[in-house]
Amino acid sequence: MSQHPFTIPDLYDLLHCGTPGDTAFYRSQCDGKQTILELACGTGRHLVSLSDVTDQVYGLELSDEMLARAQQILAQQPHTVQEKITLLQGDMRSFAIEAPCDAILIPYNSLYCLLTEEEVLQCFHHANKQLRDGGELLSDVYAVDPAWESFEQTEPELVAVIEENGYQIEIYEDRHWLPTEQRLDATYRHIIHDGQHSWSSEYTIPQRYLFREQIEQMLDATGFQVRSCWGDFDDPTWDQESPHMIINANKLRRRP
């Protein structure tokens, strides 16, 4: 039997297209800044857009497969865009690049891929070292209501059916909830059909969700001051009913 043409990054991108408004938000926040670093950049969904409004964009990614796909996508861009984007393999728990940054981005729930408080603190610590004084750390994550701790495990759910290059792809999500550990691990199974054959492919995204006060305490402990917390990309207010937390924190300036 022949094999289907989709890699894990391809399948990831088919479903995980970001949150509506996120690219425009990060673009507006970075407009006019010189140097931007995106942590856990994946296949580089934000990088090209950011290159339009800033001088230099770095994308840091740990996964070999994601980074290779990002390089393929970047190679299709004009040379003037390629010159402004640098892809780096690295871990957001421990990183350093040669250029001091005006802003560091951790978009689309990537912060939740750090599975312990110590890992989050390590990430924030290195971000603080990488930023210029007064530089910004921007991140968006889904917001969790403490009442969700009564959430019951469900069966795998069909979340999308996508037609792509002559293939039909059914995507099932299976969530494993461990509220005492603040864990919500999601496994995505793809059933791929070409009309004659079927294949199955899956990957798991382990996540440890955080509450607003936890994030703010860890930012404070690593030399940041929270400037704002939005509830959505079009809502500059936040309350317990908000679907997201979009946090903008500044690196505190050193005293002379």
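The values are calculated or read from the model by the stated rules, or taken from the named source; none is laboratory data. Since this is a predicted model, take the numbers as computed values, not measurements. Note: ideal-geometry Cβ built from the backbone for every residue, glycine included; neighbour counts use all protein chains shown.
Observations on the structure shown:
- Every residue from segment 113-129 that is part of a helix (DSSP H, G or I) and either under 14 Å from Gln214 (Cβ atoms) or modelled with pLDDT under 95 (or both): Glu117, Glu118, Glu119, Val120, Leu121, Cys123, Phe124
- Residues that are surrounded by fewer than 22 Cβ atoms within 10 Å (Cβ to Cβ) and of a type in the set (A, V, I, L, M, F, W, C), drawn from segment 30-59: Val48, Val53
- Unique match (being closer than 15 Å to Ser139 by Cα and acidic (Asp, Glu)) among Asp232, Asp185: Asp232
- Residue list for segment 194-229, restricted to those being under 21 Å from His16 (Cβ atoms) and either in a strand (DSSP E or B) or of a type outside the set (Phe, Trp, Tyr) (or both): Trp199, Ser200, Ser201, Glu202, Tyr203, Thr204, Ile205, Pro206, Gln207, Arg208, Leu210
- Test result for Ala160, part of a strand (DSSP E or B), in contact with a Lys or Arg (Cβ under 6 Å, 6 or more places away or on another chain) and at pLDDT 95 or above: no
- Residue match in segment 146-155 (condition: β-branched (Val, Ile, Thr) and touching a Leu at 6+ places or on another chain (Cβ under 9 Å)): no
- Comparison of Arg132, Arg175 shows that the only residue that is at pLDDT below 95 and either assigned to a strand (DSSP E or B) or under 22 Å from Leu252 (Cβ atoms) (or both) is Arg175.
- Residue check for Gln71: surrounded by fewer than 17 Cβ atoms within 10 Å (Cβ to Cβ), polar (S, T, N, Q), touching a strand residue (DSSP E or B) at 6+ places or on another chain (Cβ under 7 Å) and assigned to a helix (DSSP H, G or I): yes
- In a residue-by-residue description of segment 240-250, the property of being closer than 30 Å to Phe6 by Cβ, crowded, with 16+ Cβ neighbours inside 10 Å, without any contact (Cβ under 8 Å) to a residue 24 or more places away in the chain and not polar (S, T, N, Q) applies to no position.
- Any chance Ile106 is in contact with a Ser or Thr (Cβ under 7 Å, 6 or more places away or on another chain), outside the structural domain of Ala186 (by TED's automatic domain parsing), under 24 Å from Thr19 (Cβ atoms) and in contact (Cβ under 8 Å) with a residue 40 or more places away in the chain: yes
- Residue within segment 206-218 that is within 19 Å of Tyr12 (Cβ to Cβ), within 18 Å of the chain's Cα centre (by Cα) and polar (S, T, N, Q) present: yes
- When Asp174, Asp185, Asp194, Asp220 are screened for being assigned by TED's automatic domain parsing to the domain that holds Cys17 and surrounded by 14 or more Cβ atoms within 10 Å (Cβ to Cβ), only Asp220 passes.
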